[in-house]
Amino acid sequence: MTIPQPSPFQGPPALAPGAPRRSLVTLLLPLLAGGVVAVALGVYGGLHTPTGFAVGPAGFSGPLAMKSWLTTGAFLGAVVQMTSALIMYGRLKVAAPAWIGTLHRWSGRIAFVLTIPVAFHCLYALGARYDEPRVMIHSLLGCFFYGVFTAKMLALPKRGLPGWGLPALGGLAFTALVGLWLTSSLWFFTTIGVTL
Ligand code: HEM
């Protein structure tokens, strides 16, 4: 029987003497940059004339099927990343294996990379659409997701972040990706069918 060892990742490390005081100011620039990215994607998606074509379906029956499966892969990667974060921060009473940090980073990277060809098709071939509630929520979540992701990546190397900073940004990115999956892949699988 393994005795759960206290997780080495009990939240952000204690500040060394002389280290900058934790303050919200350190989050301002990452949040601002994230906001600019989200708005820029929304404006582009609104102004750009949809081309109807962007990337080939790569062996799938069509672009919607390809995007729905890639988004499902990104969703599963995000679930692994969120679960590893909960273990790292001691929210799940599970002994944290030494490789949990690596799993957290790589599951996040793979999830993010899988969204790129999908979002490229959405923005370039389809653009942002606000004519139907599902598609409007989806389009806004898509822009918000990249904004939050940008803010998290810019905040990561910063010292003196408020303790809740990274978990909050990570949680928002995860929630946005879940919302994207529900408003697209789940719609596709339940409307068109679970087809490749
Ligand atoms: C960046 C901003 C984004 C915009 C403006 C956008 C917009 C759209 C639009 C207008 C559609 C067509 C909806 C329909 O008529 O059914 C669509 C489909 C889709 N989008 Fe996006 N999207 C964005 C980002 C994303 C992201 C980040 C993902 C995945 C991580 C994603 C996944 C999908 C999938 C799987 C479909 C096909 C299923 C469907 O038609 O609903 N989108 N998107």
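The values are calculated or read from the model by the stated rules, or taken from the named source; none is laboratory data. Values in this document were obtained by computation on a predicted structure and should not be read as measured data. We place every Cβ from the backbone using ideal geometry, glycine too, and count neighbours over all the protein chains shown. With ligands, DNA and RNA removed, areas are computed over all heavy atoms of the protein, side chains included. Shrake-Rupley method; radii C 1.70, N 1.55, O 1.52, S 1.80 Å.
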Exercise for the section: State which residue is farthest from the chain's Cα centre (by Cα) when the search covers only segment 109-126 and only residues that are more than 8 Å from the ligand (Cβ to nearest atom) and more than 16 Å from PHE149 (Cβ to Cβ). Expected result: ALA125
Practice task
Please go through segment 142-169 and pick out each residue that is open to solvent by less than 20 Å² (accessible area, probe 1.4 Å), more than 10 Å from the ligand (Cβ to nearest atom) and part of a helix (DSSP H, G or I).
Solution key: VAL148, ALA151, ALA155, GLY165, LEU169
Fill in the blank from the handout: Residues of segment 60-105 being more than 18 Å from LEU156 (Cα to Cα) and more than 16 Å from the ligand (Cβ to nearest atom), in sequence order, are THR83, ILE87, GLY90, ARG91, LEU92, LYS93, VAL94, ALA95, ALA96, PRO97, ALA98, TRP99
Practice task
Give just the number: which of (1) more than 11 Å from the ligand (Cβ to nearest atom); (2) open to solvent by less than 20 Å² (accessible area, probe 1.4 Å); (3) assigned to a helix (DSSP H, G or I) does SER139 not satisfy?
Solution key: (1)
Exercise for the section: Output the number of the condition that TYR124 fails; it satisfies all remaining conditions of (1) assigned to a helix (DSSP H, G or I); (2) surrounded by fewer than 16 Cβ atoms within 10 Å (Cβ to Cβ); (3) among the hydroxyl-bearing types (Ser, Thr, Tyr). Expected result: (2)
Exercise for the section: Give me the pairs, please: first residue somewhere in segment 130-144 and over 12 Å from GLY42 (Cβ atoms), second residue anywhere and assigned to a helix (DSSP H, G or I) and within 8 Å of the ligand (Cβ to nearest atom), beta-carbon distance under 8 Å, and either six or more positions apart or on two chains. Expected result: ARG134/TRP187; HIS138/LEU180
Practice task
Would you point out the residue of segment 21-38, among those that are part of a loop (DSSP other than H, G, I, E, B) and exposed (fewer than 13 other Cβ atoms within 10 Å of the Cβ), that is modelled with the highest pLDDT?
Solution key: LEU24
Practice task
Select, from THR102, THR72, THR83, the only residue that is among the β-branched types (Val, Ile, Thr), under 22 Å from the mean Cα position of the chain (by Cα) and open to solvent by less than 40 Å² (accessible area, probe 1.4 Å).
Solution key: THR72
Handout entry: Filter result for ALA85 (assigned to a helix (DSSP H, G or I) and either of a type outside the set (Val, Ile, Thr) or within 23 Å of LEU182 (Cβ to Cβ) (or both))
Key = yes
Practice task
Please go through segment 172-196 and pick out each residue that is part of a helix (DSSP H, G or I), open to solvent by 20 Å² or more (accessible area, probe 1.4 Å) and either free of Cβ contacts under 8 Å to residues at least 40 places away in the same chain or away from the ligand (no atom under 16 Å from the Cβ) (or both).
Solution key: LEU172, THR175, LEU182, LEU186, THR190, THR191
